[in-house]
């Protein structure tokens with residue numbers, strides 16, 4: 001049945017039907033994909049679960065008209081002191097700001113700092129359906145007003161609105177990210193196949209998969225309440241390019257083998273699909289299911305990222321087993337020009353690098369795998385250096401945007417939390433008691449008079465520290481402990497600082513819950529694929545060890561090489577899911593080939609022949625995936641740079657060391673016990689030394 005299904009795209013007529021299907025599909029997909037940005041929810045409060053305290057505060061303050069506003073903090077500074085003319089300009093600017101669309105209410109200020117060197121005005125900006133884009137337009141308009149006639153007076157827009165504006169500029173590099181990712185894929189494919197046409201076919205297929213994925217995700221966000229944001233978009237791009245190209249490499253490699261064995265290219269593709277599809281499907285299923293488990297997250301941003309990326313992987317799989325085979329068969333053998341695989345020709349019998357690696361490992365496999373595991377274990381020690389407790393606003397960019405400069409100036413001359421208070425909603429009857437208690441909390445610089453609406457009252461607590469700092473997080477915790485103890489007050493603490501704190505807690509909970517479940521599910525997939533228990537356990541162990549080593553090295557590089565302040569709270573979980581799911585990919589590619597050969601020649605010879613046969617294609621696949629994730633560094637965001645580096649380094653480590661050395665050495669040492677308790681386990685190993693035969697003589701089960 002599987003053979004019939006996989007052979008369909010390579011049929012003499014079916015190939016044209018498949019091509020027509022994708023052409024028709026892409027017409028509406030292009031239009032829908034272009035609307036994905038319209039359904040992004042980039043407001044940090046929208047990422048939180050509904051049961052988070054800060055989320056409940058957002059719901060309760062709607063009646064006060066504060067739920068849909070974001071403060072923009074305007075800071076002026078002059079080193080030798082603010083003049084009367086400067087104050088006059090700040091006052092005139094405040095009036096001009098009110099004429100900007102989406103600016104609501106009267107600005108607070110301008111207020112001169114105690115040292116007389118800075119002025120601050122707080123402007124409330126109404127959020128609209130355009131989200132970040134709307135805030136960015138307001139900040140740009142305010143900047144146009146404020147930068148006129150400055151005469152040496154410094155001007156900056158900071159606070160949550162300024163942060164949103166700089167984030168827009170950072171994420172606007174999504175187009176360049178796609179271009180860089182595509183170039184990485186093309187260059188690696190050119191080096192791999194030395195053909196100008198194969199990269200083009202792969203790029204067309206991957207591009208179709210990405211567009212279709214974005215269209216499907218748009219529909220899910222529009223009609224099924226899937227939460228997507230800018231982070232989802234750039235992660236989807238690199239994942240689809242990386243994973244789909246990996247599948248293309250595996251298919252092309254097998255197709256090239258079969259073209260030497262079959263005169264008819266349609267038959268060659270049918271056989272190539274039959275042989276490679278189990279590994280490709282198992283790989284995609286492992287990644288997709290692992291990503292779908294992110295739906296168990298309480299953090300909405302993580303919860304939405306999982307199914308969105310799973311859609312990308314599955315659409316990439318569909319494209320690679322339908323559109324890619326059809327295009328290759330339509331093009332014919334000339335697509336491999338200038339090195340076309342002729343019927344009856346033999347692959348080069350020259351001993352390749354992976355044959356040499358296998359020969360070296362086979363000498364003392366136990367010593368090799370123990371030594372490799374110990375080295376990886378030492379690398380894991382760097383995980384103790386990980387500081388995944390979130391990043392302050394000023395530390396979220398790899399460069400220093402204007403909002404970070406303004407934030408530093410504000411903190412130097414004003415209470416760092418001014419203009420971005422915490423909100424405390426309470427019963428009106430308890431408002432005075434809550435106000436008194438809140439004022440005594442360490443880290444609260446002052447409390448506004450209560451605003452009463454119906455049975456509720458709201459208090460604004462000015463923070464002494466930056467709202468995204470660790471000190472502000474402690475203040476939020478103390479404020480909650482204090483107001484929660486007041487009987488009958490029904491007091492809850494929200495605001496941007498509380499949102500950040502709740503995000504940290506949700507991310508920590510998600511890691512504790514999801515990581516063990518991913519491990520169990522991936523193990524079950526491997527057990528079903530390999531029909532064994534020992535091999536899946538060993539493979540899982542190698543991947544987890546590889547993940548720990550990658551994270552350990554990455555944390556040291558982040559601090560001592562890149563100078564980053566820390567990691568986002570969701571970084572460990574996302575790194576784990578990507579590295580484990582994608583790392584298992586390469587083990588699946590290798591071990592399924594070993595299992596294919598083992599019934600004929602035994603497990604130990606199969607381990608070396610499997611490494612020899614798959615080494616080049618898996619290395620190329622690893623380079624593609626590492627390159628696409630490394631392209632994330634083109635975005636000036638610390639989170640993107642860190643996730644991209646960790647995944648890229650982890651993939652290379654898994655490809656070049658774990659899969660080729662550790663897994664091969666383990667297989668050679670364990671032998672037929674790898675397949676326990678399946679029937680293959682009962683097959684006796686051949687006697688005599690283990691040797692690697694040329695790839696061209698690889699047996700076919």
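Can you tell me the 0 to 90 degree angle between the C-alpha axis of helix 230-261 and the longest principal axis of the chain, rounded to 10?
With rounding to tens, the tilt is 10 degrees.
Between residue 429 and residue 477, what's the calculated FRET efficiency when r is the beta-carbon distance and R0 is 22 Å? Round to 0.05.
0.30
I need the calculated FRET efficiency for the pair residue 523 and residue 261, taking r as the beta carbon distance and R₀ as 45 Å, to the nearest 0.05.
0.80
Explain nothing, just the number: relative contact order of the stretch 402-501, from Cα pairs under 8 Å at least 6 residues apart, as a whole percent.
34
Just check the stretch 311-367 against the gyration tensor rule for me: Cα atoms, a ≥ b ≥ c as the square roots of the eigenvalues, rounded for a/c under 1.5, and otherwise prolate or oblate depending on whether a/b exceeds b/c.
oblate
Can you bin the chain into rounded, prolate or oblate? Criterion: square roots of the alpha carbon gyration tensor eigenvalues sorted a ≥ b ≥ c, rounded for a/c under 1.5, prolate for a/b above b/c, oblate for the rest.
prolate
Using 7 Å Cα-to-Cβ label points, what is the residue 62/residue 334 separation (nm, one decimal)?
6.4
Could you work out how far apart the two model spin labels at residue 600 and residue 84 are, taking each label as a point 7 Å from the Cα in the direction of the beta carbon, and quote it in nm?
Taking the two extended label points, one gets 9.6 nm.
Please determine, in degrees from 0 to 90 and to the nearest 10, the orientation of helix 265-292 with respect to the longest principal axis defined by the Cα atoms of the chain, where the helix direction is its Cα long axis.
Taking the Cα atoms of the chain, the angle to 265-292 is about 30 degrees.
Mind ordering 34-41, 228-235 by average Cβ neighbours within 10 Å, highest first? All intermediate terms of the calculation are to be shown ahead of the outcome.
Values: 34-41: 17.6, 228-235: 23.4.
So the peptides 34-41, 228-235, ranked by packing, come out 228-235, 34-41.
Relative to the longest principal Cα axis of the chain, at what angle does helix 365-380 sit, 0 to 90 degrees, rounded to 10?
Approximately 10 degrees, to the nearest 10.
Tell me the label-point distance for the pair residue 190, residue 436, using the 7 Å Cα-to-Cβ offset, in nm and rounded to one decimal.
7.6
Need one word for the stretch 339-405: rounded, prolate or oblate. Basis is the Cα gyration tensor (sqrt eigenvalues a ≥ b ≥ c); a/c below 1.5 gives rounded, then a/b vs b/c decides.
oblate
May I ask you to derive the relative contact order of the chain, considering only C-alpha pairs under 8 Å and at least 6 residues apart, and to give it as an integer percent?
Relative contact order for the chain comes out at 18 percent.
Restricting to DSSP H runs of at least four residues, report the calculated mean residue ellipticity at 222 nm for the chain, -39500 (n - 2.57) per run over all residues, nearest 500 deg cm²/dmol.
-20000 deg cm²/dmol
What FRET efficiency, computed as 1/(1 + (r/R0)^6) with R0 = 35 Å and r the Cβ-Cβ distance, is obtained for residue 295 and residue 387, rounded to the nearest 0.05?
Here the calculated transfer efficiency is 0.80.
Computed from the coordinates by the stated procedures, all read-outs in this text should not be read as laboratory data. Here the structure is a predicted model, which is why all the values come from computation and not from measurement. Glycine gets a Cβ as well: all are built from the backbone with ideal geometry, and neighbour counts include every protein chain shown.
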